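Single-structure report; data block below.
Derivation of every value follows stated rules applied to the coordinates shown; laboratory data play no part. Keep in mind that this is a model prediction, so the values were computed, not measured. Cβ sites come from the backbone with ideal geometry, for glycine too, and all protein chains shown count toward neighbours.
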């Protein structure tokens, strides 16, 4: 034979050795990456600017004395920096993100493309209005969708996020009370114990005081407690209620709540964070509410971006509409107009909340999403979201403890009652990371012990839900059996559990150069 | 429907597992009178990608973009060039489609960039610490005012006559709702130092702006001294973040809180949003700050990592006693900001700032050569105010007819028809010599 | 010197008209790792039940109530740099402040050590 022996081994060699520590600090595809202050240097830059002539004569000497000293990175270094860091993040595009109350649904790329059209991205908020008629038309079109979907007569578009929308609604209520001459006496806002933290925080920001209402055994507003709170009504400003509520349940008594608060001379603020459960199926306007913010970054799928930007248009009832903030868009035979000053038809406006007109980039994305779905598709969105949540609840109810009996809306809520002593909700959450999932919302709402709130949204397939339920079922069984190994999870994430106590006791909030002696010692 | 993975068979099988006859069962708690029979009326049905794209493109085409004309509009938002790699970074799925980093083991990407962002903002403003961003400059300004009241336990804030009127409005709104008195000094192109004469023992803070809405740059050190003498704070505001590369930053003037708009770095104009609010302060005030903070720590193996920290200030823990109601901030815009700053570096930022100043100097030279045009801003960075003998609204309209977006008339920002003949114009590194020539030629024709 | 307790888990050690106030071992254990303490400055006066201090863990912020009325004569400044002292020695070095008690009669409404022990066992 003409034996050819040049070549490499082609079958794997079985070895028990695990490379824990590498010389480079990288672990295969997961590349080590320092801070830009360690990677870059102050004399580098990733932009090629024309050389300045050095003219500073009109500055009048009001010049910076100490340079920032910030490092620059060339483009290849910068791109690698962010790519490497990106690989340490979980994301909805990577896998299931069942974060209750946050509505992590798929973010269509068409919306990104539309928002980047120069006709939307490259226009200035203070250009002459005649040069931005398409932008004003888009705001008006989105406003029409929001008003129609909610069955409400008016909408304030400028709030920058959900909590900012809450502020808008509560300031409208405050202004209505001022108009009635009762702002000085009507200070009390009723807020259920299960509310998002933003609700009581917002009420206080508007100068109200918070009176907490209990939840009943069914996870809804305790109507007896609510009625007790209305025994004296002359100090009542209103109620802030999330519906569907943070337990993932529809408030069965919502119309009675609306009637009672109105009879008491107060207003009904509805937190619309959970609108995804009812969009296209129920109009909040039919429930008697006076104001509700809509998180475009939840229900209408603008990306969460690692913590924003959001957008929180706020629909208003006839009672509150006159007090809507400036600016807003109107239309007549001459085209679209931006009402920017508190005068004329806007003379009752409660004020201006932000510098410009709201989150245009988010408006474009949300409208693209609505047009894609249409009225028919949005109804299906709500139904599939609710179906998926009930499916998760049904699949897990025998191994975990549903917080309440019966069907849920768009999110399934469990308590930690099924876990063995010593195993906590956080251990279940962290074990999910090892299975390749983002944890559910944990320890919220506060009215359920060790709460685990799972919101699958409509953009998950049955196959994905089944895989998730299989994994969580296994984890739940380990938790019930008291598997101590769970306390160390996650084992397979880029990092182990982080020391939050240390971070809070000795806050290090920015990078500082190592002291010279430390460098010398190295 | 292209975004909905469930098939009719899936739905039937799932209902079967649940033990429900139809999805209507899940909506039994909805009051009968509020249940819709069919779908909502008055809205179109679903459309394919092509149809939606066509609709959006048609609307977009109705707008005049900043890149297509000689463009001089500023007043709180500025046309700058953003490197292509910045948009690539923020379109990475891992950043774009993730949530607030509450699970730090699988969010180190977001957290490390926030830590870098905070460090950059602290250095640029010359302050001790910066938070992980706010909605925008105007809401940051409002939050700074109420923070100053918390810190000093006083209930009066004083606004300079050069504060961006929209910032003043947002601040007044939040303050008045909380029973805080707001003193607004009369509108003035060059009146920031007047703040020093309006501090007393009841003042929580004075709020000055540099560059202010008329472009005037001012060293607020004397205002800081006057404020500190009465144990009040100085809040220093900026709307043009690029100015920090050249103009005296808040920290060098003795500011206690620095707030501003970060849109100029990494951000598009976007017709006003989303933008990114920058918020920095001295170390001793950090526990009274609004918004999220990212801090360094170690994991169970001792490896360096980052977490959201000092969260007990925030609404999700402190509820009615929180420092602010803010939850969602401007995470992705902060990422764009930090990515752009990382490309620029300190040297790039300074060069960019000088280029902006030079463009504005060239513009001022060209405009003041016109008879009847007077530059009224005494010292400026990249924006200034000028007067003409004509009504500014008419001038802006005539410039528009000639294909030039020549700035903002002051009367659009100020109520009651103040400063009817004042135009505020900005130039940046995007402004070309041809743009300036075209502007000067058109203005000469008009006045 | 005798020590008294409240149902909100504050303790006060009384010596003459001066009371030293802190939170109990039980409370410190329930709170978990204390990361920040805000103690009142000298000169501030409280009536019984007023918020007088704040104690924070990573995930919670709790108000500490004045067990009796009085005027603060000294806050424990050491806690600013070493909040963990509240975990390590809650009823000793982890004291929050000393107050000049304005109404001695209020002290008699508080629980003594054995009553507080029984109270905690009943929780």
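The table for this structure:
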| item | result |
| --- | --- |
| Efficiency of FRET from Cβ geometry, residue C:100 and residue B:231, R₀ 41 Å, rounded to 0.05 | 0.95 |
| Candidates B:101, B:290, B:70: whichever shows maximal mean-square fluctuation once chain B is modelled as a Gaussian network with Cα springs under 10 Å | B:101 |
| Virtual spin-label span in nm between residue A:470 and residue A:14, 7 Å along Cα→Cβ | 2.5 |
| Calculated FRET value between residue B:371 and residue B:67, using beta carbons and R₀ = 30 Å, to 0.05 | 0.45 |
| Peptide A:28-40 - average C-beta neighbours from other chains (10 Å radius) | 3 |
| GNM result for chain B, Cα springs below 10 Å: residue of B:256, B:24, B:371 fluctuating most strongly | B:24 |
| Distance in nm between pseudo-label sites at residue B:2 and residue A:319 (7 Å out along the Cβ direction from Cα) | 4.4 |
| Antiparallel DSSP beta bridges within the protein assembly as shown, percent to nearest 5 | 70 |
| Angle in degrees between helix B:108-125 and the longest Cα principal axis of chain B, rounded to the nearest 10 | 10 |
| Acute angle (nearest 10 degrees) that the helix B:165-177 long axis makes with the longest principal axis of chain B, alpha-carbon atoms | 60 |
| Residue-averaged [θ]222 nm for chain C, counting only DSSP H segments that reach four residues, each worth -39500 (n - 2.57) | -4500 deg cm²/dmol |
| Percentage relative contact order, the stretch B:84-340, counting C-alpha pairs under 8 Å, at least six apart | 26 |
| Shape call, chain A: gyration tensor on alpha carbons, a/c limit 1.5 | oblate |
| Average Cα contact separation per residue, chain B, under 8 Å, 6 or more apart, as relative contact order % | 19 |
| The stretch C:2-109: relative contact order as a whole-number percent, Cα under 8 Å and 6+ apart | 30 |
| Residue order, fewest to most surrounding Cβ atoms within 10 angstrom, among A:292, A:442, C:52, B:1 | B:1, A:442, C:52, A:292 |
| Pairwise label distance in nanometres, residue C:121 with residue C:30, each label 7 Å out on the Cα-Cβ vector | 1.8 |
| Modelled FRET efficiency - R0 41 Å, residue C:71 with residue A:223, Cβ distances, 0.05 increments | 0.35 |
| Rounded, prolate or oblate (a/c below 1.5 giving rounded, otherwise prolate when a/b exceeds b/c) for the stretch A:267-324 by Cα gyration tensor | oblate |
| Neighbour-count ranking [beta-carbon atoms within 10 angstrom, fewest first] of C:41, A:500 | C:41, A:500 |
| For the protein assembly as shown: rounded, prolate or oblate by the Cα gyration tensor [a/c cutoff 1.5] | rounded |
| Label zone at residue A:512 (point 7 Å along Cα-to-Cβ), backbone N below 17 Å, the stretch B:264-291 | B:281-287 |
| Residues in the stretch B:1-18 that a label on residue B:45 would reach, taking backbone N under 15 Å of a point 7 Å out along Cα→Cβ | B:1-2 |
| Cα long-axis angle, helix B:137-152 against chain B (0 to 90 degrees, to the nearest 10) | 90 |
| Residues B:375, A:209, C:23, sorted so that the one with the fewest Cβ neighbours within 10 Å comes first | A:209, B:375, C:23 |
| Highest-fluctuation residue, B:302, B:251, B:417 considered, GNM on chain B with Cα pairs under 10 Å | B:302 |
